[in-house]
Amino acid sequence: MPYARVLIHFIWATKNRNRLISNDLKPLLLAHIKENSLKKDIHILSLNCVEDHIHLLVSLGTEQTIFKIAMLIKGESSFWVNSQNLIKHKFEWRDDYIALSVSESAIGKVQQYIANQEEHHKKKTFTQEYEEFLRIHGFSNKFD
């Protein structure tokens, strides 16, 4: 049996950064993502969202890839929101995302960061946060 512990901090936004995740939708969406991920053997350690984006801390399984996990969660959750008619508009996630490795020593810090998204975004917009993540981690693309 292989042993692996690969932790990934995912961040992705709603399409066009539309503010689609209301206070009513948020608990339903997060609960659904948790429940559906368990069925797919995706181990989410932390997740939280605000109106236009989501953060997840995921422990990858030995046969899982970053791309596969992001597509499974994004695709299924947007399909579910739309099929349940939970909002008036079509719910979509952006195609792009950030996926960052997390060391064992940083798990608590990342979990706290994810848990405190509402407070964090009183000081910094998602665009500012996203561009900062890109800059700090050496990505050259700008967020549009």
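Taken together, the values in this text are just the output of simple stated rules run on the coordinates, not laboratory data. Remember, predicted model here, so these are calculated numbers, not experimental data.
Tabulated data
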{"read-out": "Value at 222 nm in deg cm²/dmol, rounded to 500, when DSSP H runs of n ≥ 4 in the chain each add -39,500 (n - 2.57)", "value": "-12000 deg cm²/dmol"}
{"read-out": "Relative contact order (percent, whole number), the chain, Cα cutoff 8 Å, 6+ residue spacing", "value": "32"}
{"read-out": "The chain, Rg to Rh (Cα coordinates; Rh as Kirkwood inverse mean 1/r)", "value": "0.94"}
{"read-out": "Pairs beyond 20 Å (Cα-Cα), from Lys15/Lys90; Lys39/Lys74; Lys40/Lys74; Lys15/Lys88; Lys26/Lys74; Lys15/Lys109", "value": "Lys15/Lys109"}
{"read-out": "Using θ = phi - 60° and Karplus 6.51 cos²θ - 1.76 cosθ + 1.60, couplings along the range 39-54 (whole Hz; Gly, Pro as x)", "value": "5, 9, 6, 9, 9, 8, 8, 8, 7, 6, 9, 10, 4, 10, 6, 9"}
